[in-house]
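The values are calculated or read from the model by the stated rules, or taken from the named source; none is laboratory data. Since we're looking at a predicted model, the values are computed, not measured. Here the Cβ is made from the backbone with ideal geometry for all residues, glycine too, and neighbour counts use every protein chain on show. Quick note on the areas: whole protein, heavy atoms, side chains included, nothing else; ligands and nucleic acids left out. Shrake-Rupley method; radii C 1.70, N 1.55, O 1.52, S 1.80 Å.
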Amino acid sequence: MVERRVNVGWADGLHARPASIFVRAANAAGVPVTIAKAGGNPVNAASMLAVLGLGAQGGEEIVLATEAEGAEAALDRLARLVGEGLEELPETV
């Protein structure tokens with residue numbers, strides 16, 4: 001299991017627009033990824049409803065994880081996206 005802990009960089013948290021950006025990036029990662037609030041139950045990072053259901057707020061710590069081999073780079077890109085609160089899906093994700 002590989003994981004990355006990161007604080008949500010979007011001031012309003014993972015609401016509709018940031019969640020949509022994140023879910024598209026998670027789908028593009030090509031490996032199954034979960035997302036959870038620190039200490040919470042993980043959900044499918046590729047599911048818009050699951051990500052919105054987390055209710056992750058700005059500055060709150062989340063955990064991204066996968067069991068896929070060689071997925072460190074994918075998790076790094078997703079962690080950067082969330083931590084920096086990017087407004088658009090970067091081409092590198």
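Using the heavy atoms of the protein chains and a 1.4 angstrom probe, tell me the accessible area per residue for the chain in square angstrom.
Details: 4820 Å² over 93 residues.
Here the per-residue accessible area is 52 Å².
What percentage of the solvent-accessible surface of the chain, computed with a 1.4 Å probe over protein heavy atoms, is contributed by carbon and sulfur atoms?
48
List every residue whose amide H lies under 5 Å from the amide H of residue 10, counting only residues 5 or more places away in sequence or on a different chain, with H placed 1.01 Å from N in the peptide plane.
Sorted by chain and number, the residues that satisfy this are 59, 85.
D for region 1-42, whole µm²/s, Stokes-Einstein with Kirkwood Rh over alpha-carbon pairs at 10 °C and 1.306 mPa s: what number?
After rounding, the answer is 137 µm²/s.
What percent does the relative contact order of the chain come to when contacts are Cα pairs within less than 8 Å and at least six residues apart? Don't jump to the answer; show the numbers that get you there.
Numbers: 186 pairs, mean separation 41.5, N = 93.
Answer for the chain is 45 percent.
Which value at 222 nm does the chain reach when only helices count, each DSSP H run of 4 or more adding -39,500 (n - 2.57), with the total divided by all residues and rounded to the nearest 500 deg cm²/dmol?
Using -39500 (n - 2.57) per qualifying helix, the result is -10500 deg cm²/dmol.
Give me the extension gain from residue 73 to residue 61: residue separation times 0.36 nm, minus the current Cα-Cα distance, reported in nm with one decimal.
2.3 nm
Mind listing the phi-derived Karplus ³J(HN,Hα) values for region 61-74, rounded to whole Hz, using 6.51, -1.76 and 1.60 with θ = phi - 60°, and x for any glycine or proline?
7, 10, 10, 9, 8, 7, 9, 6, 5, x, 9, 4, 5, 5
Could you tell me the convex hull volume per residue, in Å³, taken over the Cα atoms of the chain?
Value for the chain: 74 Å³ per residue.
Between residue 3 and residue 28, with labels modelled 7 Å along Cα→Cβ, what's the label distance in nm to one decimal, could you check?
Those two pseudo-labels are separated by 2.6 nm.
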